[in-house]
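The values are calculated or read from the model by the stated rules, or taken from the named source; none is laboratory data. Since we're looking at a predicted model, the values are computed, not measured. Every residue, glycine among them, receives a Cβ derived from its backbone with ideal geometry; neighbour counts consider all protein chains shown.
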Amino acid sequence: MKKRIVSIFTNDTDISLKNRDVLMKKLIDRGYETSDEYSADTELIICIGGDGALIRTVHSCNFPQCPIIGINTGHLGFFQEISPDNLDAFISDYEKGEYSIQSLSTVKAAVVTEDGVRDSHLGLNEILIKGRHSYSIHLGISIGNTPIERFSGDGILVATPAGSTAYNYSLGGSIVDPRLKLLQVTPIAPMNTTAYRSFTSSILLPAELSLSVTPESSDDIIFIVNDGMETGYSGVIKIEVTISDTHVQLMRFKNYDFWNKVKTKFL
Ligand code: NAP
Ligand code: MN
């Protein structure tokens, strides 16, 4: 009979490690094999921790195609679906197929530099483009092929719908239902003076349009921060930000409601 492999990842809090041990025992008793690595044979990834732990699991598994379920031992948990009190119900619903898959879109930044570097970065929450230390940056911004503005300020953040409740929200961006396919571009401390003009509110882009960012001076060091992981570049010619074809398949159970999570976290 084919092995049923479940890969389990956790953050390192005591409560997460304790729940991992309990869960592993339950799964092994039911005939599953557990692993602390992700492979092509993994049928389900379980992440125990908070939203940050889920993001790190998604990156460490290189945006896996199999479903992923979060067990919440952190704060509210937008990504995290299961409470540690409900492990038995979770296993039983999983075996009965009583779940749905929430396919979350991701955001991609493709960067090109004068030295011929061509990198790309994926974010489940967001891609942030910012300067070095506390310097302001000046960026030419185009939407599709239309130059829109010369942005001056701390940077810009491009959030997915799933990431709209994270950093984007702290910056005054809007909460977006993950069923919508769009990117939200939120300015970070935009300057608005007689010298500089930048949008001061978020703008929303449909899936088919990309955002192009060209630093005014290629001497500037630009940081691309995807889900909190930063990479610095010098000599940047262009950064193109788009919705990626890669999706994250989050498992949800019958009581899942995005707006209930929003209410519980913010109101
Ligand atoms: P962190 O600095 O430890 O946590 C930032 C907070 O954001 C945590 O409370 C985290 O929840 C929460 N969070 C993460 N994704 C979320 C989402 N999609 N919706 C609502 N809340 C969310 O960093 P981290 O835990 O590694 O998470 C990385 C994220 O932190 C980045 O992607 C960015 O969005 C966010 N961030 C926010 C700010 C800000 O609001 N000023 C600044 C920097 C980064 P848990 O406690 O459950 O982990
Ligand atoms: Mn965290």
**Request:** Any chance you could count how many residues in the range 112-137 are assigned to a loop (DSSP other than H, G, I, E, B), away from ligand 1 (no atom under 12 Å from the Cβ) and either closer than 25 Å to Thr57 by Cβ or under 15 Å from the mean Cα position of the chain (by Cα) (or both)?
**Result:** 0
**Request:** Only one of these is within 14 Å of ligand 2 (Cβ to nearest atom) and more than 14 Å from the chain's Cα centre (by Cα): Leu76, Leu87, Leu54. Name it.
**Result:** Leu76
**Message:** For the range 103-143, give me each residue that is exposed (fewer than 13 other Cβ atoms within 10 Å of the Cβ), closer than 24 Å to Asn192 by Cα and not charged (D, E, K, R).
**Reply:** His133, Ser134, Tyr135
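At least 1 residues that are within 16 Å of ligand 1 (Cβ to nearest atom) and touching a helix residue (DSSP H, G or I) at 6+ places or on another chain (Cβ under 6 Å) in each: list the strands (runs of 3 or more DSSP E) lying fully within the range 1-111 that qualify.
5-10, 42-49, 68-72
Test Ile237 against the stated conditions and say whether it is under 24 Å from the mean Cα position of the chain (by Cα) and within 16 Å of Gly140 (Cα to Cα).
no
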**Complete:** Given (1) on the phi > 0 side of the Ramachandran plot; (2) modelled with pLDDT of 95 or more, Cys47 misses just (1)
**Message:** Yes or no: the range 25-33 includes at least one residue that is among the charged types (D, E, K, R), surrounded by 13 or more Cβ atoms within 10 Å (Cβ to Cβ) and within 16 Å of ligand 2 (Cβ to nearest atom).
**Reply:** no
**Fill in**
The condition from (1) more than 23 Å from His59 (Cα to Cα); (2) of a type outside the set (Val, Ile, Thr); (3) free of Cβ contacts under 8 Å to residues at least 24 places away in the same chain that Lys238 misses is numbered (3)
**Asked** Looking only at the range 94-111, which residues are within 13 Å of the chain's Cα centre (by Cα) and of a type in the set (S, T, N, Q)?
**Response** Ser103, Ser105, Thr106
**Item:** From Ser174, Ser244, residue being in a loop (DSSP other than H, G, I, E, B), over 15 Å from Gly153 (Cβ atoms) and within 16 Å of ligand 1 (Cβ to nearest atom)
**Value:** Ser174
**Some residue of the range 57-68 being on the phi > 0 side of the Ramachandran plot and within 14 Å of ligand 2 (Cβ to nearest atom)** = no
**Enumeration of residues in the range 150-164 that are buried (at least 17 other Cβ atoms within 10 Å of the Cβ) and more than 16 Å from ligand 2 (Cβ to nearest atom)** = Phe151, Ser152, Gly153, Asp154, Gly155, Ile156, Leu157, Val158, Ala159, Thr160, Pro161, Ser164
**Request:** Name the one entry in Asn11, Asn19 that is in contact with a Gly (Cβ under 7 Å, 6 or more places away or on another chain), within 17 Å of Ser83 (Cα to Cα), polar (S, T, N, Q) and at pLDDT 95 or above.
**Result:** Asn11
**Asked** Which condition number in (1) without any contact (Cβ under 8 Å) to a residue 60 or more places away in the chain; (2) aromatic (Phe, Trp, Tyr); (3) within 13 Å of Gly131 (Cα to Cα) is the one that Tyr196 fails?
**Response** (3)
**Request:** Any chance you could count how many residues in the range 155-171 are within 11 Å of ligand 1 (Cβ to nearest atom) and in contact with an Asp or Glu (Cβ under 8 Å, 6 or more places away or on another chain)?
**Result:** 8
**Prompt:** Among the numbered criteria (1) more than 16 Å from ligand 2 (Cβ to nearest atom); (2) hydroxyl-bearing (Ser, Thr, Tyr); (3) in contact (Cβ under 8 Å) with a residue 24 or more places away in the chain, which single criterion is violated by Tyr167?
**Reply:** (1)
